[in-house]
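Enquirer: Have a look at this one before I ask anything.
The values are calculated or read from the model by the stated rules, or taken from the named source; none is laboratory data. Note that this is a predicted model, so its numbers are computed, not measured. Reconstructed Cβ throughout: ideal geometry from the backbone, glycine too, with neighbour counts over all protein chains shown. Only protein heavy atoms, including side chains, enter the accessible area calculation; ligands, DNA and RNA are left aside. Shrake-Rupley method; radii C 1.70, N 1.55, O 1.52, S 1.80 Å.
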Amino acid sequence: MTAEAKKAPPKSYIEDGHTLRSWFFSTDHKGIAVLYLVSITLFFFVGGAAATLIRLELLSPNGFILSNDAYNRLFTIHGVIMVWFFLIPSIPNTFGNFLIPIMIGAKDLAFPKLNLASWWIFVFAGCFVIAALLIGGVDTGWTFYAPFSTMFSNGYVIPAVVGVFISGFSTILTGLNFIVTVHRLRAPGMTWFRLPLFVWSIYATSLVMVLATPVLATTLLLIFAERVFGLGFFDPQLGGDPVLYQHMFWFYSHPAVYIMVLPAFAVMSELMTAFSKKHIFGYKVIAFSSLAIAGLGFLVWGHHMFVAGESVYVGLVFSVLSFTIAVPSAIKVFNWTATMRKGYVSFDAPMLFALGFIGLFVIGGLTGLFVAATGLDVHLTRTYFVIAHFHFIMVGGTVSCYFGALHFWWPKMTGRMYPEMPGRIVALLIFFGFMLTFMPQFILGWLGMPRRYHLYPPEFQVLNVLSSAGASILAVAYTAPLFYLAWSLFYGKRAGLNPWGAAGLEWMIPSPPPRENFETVPVVTWEAYPYPLEPQPVAKEDGR
Amino acid sequence: MSDALPAVHEQFQAPGQQLEADRLGLWVFLASEAMLFGAVFFALTVYHLIHPAAMHAATSRLDLVTGVIGTAVLLTSSTTMALAVKAAREGRRTEALIVLVGTVLLGLAFEAIKVHDWFDEYDQGLYPPMGPPFPLPQPAARLYFHLYFVSTGLHAVHLAVGILLVAGVAASLLSNRMKLPERTVTVEMVGLYWQFVDIVWIFLFPTLYLVSR
Ligand code: HEM
Ligand SMILES: [Cu+2]
């Protein structure tokens, strides 16, 4: 195979065309993945700029650069962009797009044109939302809570809501495409239980995308109808019910947090096996726990509403269910750590990101249990404790995995190795910078500092300054890959087929892969993660 | 390989695989659509339970007669659509054409009945944001009518899309751009969508008209 590939190297997807047209209108899943990668990176830096200003402002207890209104607008920009235009598409639309067809031995997704269309929809929606947020300034927060968003806030709520609504189509179409692809395009011999766990987890994510996003669409439609036609769903003056809004919003948004974190789980299974050179511990348990999380995720939305007039009994039910959902997540963490046991563990940058994920995700998950306890939550809700909780999971967890995936598959996507040392340094900086940013926020929340205010009592200043210091480390660490990865595009070492010695169909084809992925349809005769790999000289001496 | 089937796209290995993918894609799409309406059903059901009196007062203002006629019309259109799929499978073009046109006409009839209902309700003051004053004292009754207008509106929009799709199929049959039974799958998919829109109404009708009456 290797010798053959050397003889007549097939043209890679990158060399397939050099015009703008060949990038922006190509239906190749790999090209679209790259389009997503570039566009969500841009959104990430827009959201990041807002975060930087927020942390700058919080250096001082009495607000020294921003007005109240400007502060409200900033955290709205930050939340809306980060949630819908970075985190939700991050891993699925880039790495999912690039890898799913390859991992299952297919040439493309089931509906390549739909895939291209969902990128265009996404970019259109993103530009629309950014315009609304920057020109108009929306001050509702990413949650668009009614009746504030429908009665009091300024008129730009409508375009912002319309933009998020449109981006939902992109999410739904992507999820649909993945589901059909995994069902229908698996190569001969690629049974469900031979699929890499990456595919299982993205599959579970896709189910949530397809089933939860339409509820957000309805919710946004109702905001729209209330503001534009005066149909009162949420505004009590018009007969509406403000709690209805929270129910509908969280019925989408809790599952949505799993849209954000399940793909990180997907990446984790690949990284832990590749850098431990071991079969995954408990394949089926991990596969089914992804589905369990996707299902249970629909039953816990009420834990966001313990203080919103929910009855005590309902609160208890939601509390218990929230505790249950921590179980499958914990199982996964145990399985990943068990995978390392007696493995040949190496600490390349992607593995450092993966280990960082474990540390941060465990803290995030455990504090999830704190806020899922009804009594404790009355004290903690709407404080910085909640902010720290979800940042630990979504940023500490998912963004770390996103960077881990970026480093791990970079050689496959570009054909070049990234420089290892800067990669490792960035992985460590992200971990420690993150801890420094968000650990103080747990304490602040515990002490009662509410979220979404830029003025605070002076005794909170030290912790806030620490947090801002951590944020500046994060800013450097998140920006650095931009430079060394760009550098590696031209000067990086050429990556062969399989620079990591990892298992999986994606490592058996050239880097970067040819347009068609496979010259002939592969026939799969092996289970997932068949470590140690055959030609690998591991365990040679003592046969351990 | 069979020449009768349309060219297989490169990502598929066989025409059968492509058909299966198209079908599954539509089912997944319909599941997503079901959740879109699900949110409104959820809200309506909860309010039936927690505000029975207001819901009774509100529901009783709807015109049951036109509601029943509309439902009957829509159910009949389901039958004609099913007949169209059968005719397509068996390659009977003229028959397919007739029942497709019938489906379009029944769909339009339903939309006409619904628009008539809306005007009627508007005249009674039942459209809370505008028109004559709202006649019912309970706030939850207003909420009911807000949900009524949004859910019937959303359904009507879906039906309108269905009408366009069915009309499109009929037009391409008429102009011979579409051959039967080769393109049966197109008729089937449009049929599936049509049935879905009908089923939504079959749930919407009792939820809006009957439950708290
Ligand atoms: C391990 C299981 C988890 C439990 C038991 C849990 C529990 C909770 C609870 C009870 C709240 C509400 C706190 C409050 O508002 O007072 C909350 C907030 C939140 N959680 Fe989690 N959580 C878990 C995992 C996750 C995951 C995996 C994510 C994201 C990927 C996440 C993201 C969020 C977000 C975004 C919020 C706050 C949203 C807002 O108010 O703006 N959580 N969590
Ligand atoms: Cu939640």
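Enquirer: Looking at the structure I just gave you, is A:SER276 surrounded by 17 or more Cβ atoms within 10 Å (Cβ to Cβ) and more than 16 Å from ligand 1 (Cβ to nearest atom)?
Expert: When the stated conditions are applied, A:SER276 passes them.
Enquirer: Separate question: Which one of these does B:ALA109 not meet: (1) under 17 Å from the mean Cα position of the chain (by Cα); (2) within 24 Å of B:TRP27 (Cβ to Cβ); (3) among the small types (Gly, Ala, Ser)?
Expert: Exception for B:ALA109: condition (2).
Enquirer: Within the stretch A:319-333, take every residue that is touching a residue at least 40 places away in the same chain (Cβ under 8 Å) and either open to solvent by 20 Å² or more (accessible area, probe 1.4 Å) or in contact with an Asp or Glu (Cβ under 6 Å, 6 or more places away or on another chain) (or both) and give me the one that is farthest from ligand 1 (Cβ to nearest atom).
Expert: A:ILE331
Enquirer: Which is buried (at least 22 other Cβ atoms within 10 Å of the Cβ) and part of a helix (DSSP H, G or I), of A:ALA338, A:ALA388?
Expert: A:ALA388
Enquirer: Which of (1) within 14 Å of another protein chain (Cβ to nearest Cβ); (2) more than 16 Å from ligand 2 (Cβ to nearest atom); (3) of a type in the set (Gly, Ala, Ser); (4) surrounded by fewer than 21 Cβ atoms within 10 Å (Cβ to Cβ) does A:SER253 not meet, given it meets every other one?
Expert: Unmet condition: (2).
Enquirer: Based on what the data block shows, is A:PHE370 in contact with a His (Cβ under 8 Å, 6 or more places away or on another chain), at pLDDT 95 or above, open to solvent by 20 Å² or more (accessible area, probe 1.4 Å) and within 16 Å of ligand 2 (Cβ to nearest atom)? Walk me through it before giving the result.
Expert: Values: in contact with a His (Cβ under 8 Å, 6 or more places away or on another chain): yes; at pLDDT 95 or above: yes; open to solvent by 20 Å² or more (accessible area, probe 1.4 Å): yes; within 16 Å of ligand 2 (Cβ to nearest atom): yes.
So A:PHE370 passes the test.
Enquirer: Right, another one. Being aliphatic (A, V, I, L, M), closer than 24 Å to B:LEU180 by Cβ and more than 14 Å from every other protein chain (Cβ to nearest Cβ): is that true of B:VAL65 here?
Expert: No, not satisfied.
Enquirer: Among the candidates A:ALA405, A:ALA326, which residue alone is more than 29 Å from A:ASN464 (Cα to Cα), away from chain B (no Cβ under 14 Å) and within 16 Å of ligand 2 (Cβ to nearest atom)?
Expert: Details: A:ALA405 fails: within 16 Å of ligand 2 (Cβ to nearest atom).
Every option except A:ALA326 fails the conditions.
Enquirer: If you go through the stretch A:281-294 one residue at a time, do you hit one that is more than 14 Å from chain B (Cβ to nearest Cβ) and within 13 Å of ligand 2 (Cβ to nearest atom)?
Expert: yes
Enquirer: Got a sec? Which of A:PHE165, A:PHE148 is within 14 Å of chain B (Cβ to nearest Cβ) and open to solvent by 20 Å² or more (accessible area, probe 1.4 Å)?
Expert: Going through A:PHE165, A:PHE148 in turn, the sole match is A:PHE165.
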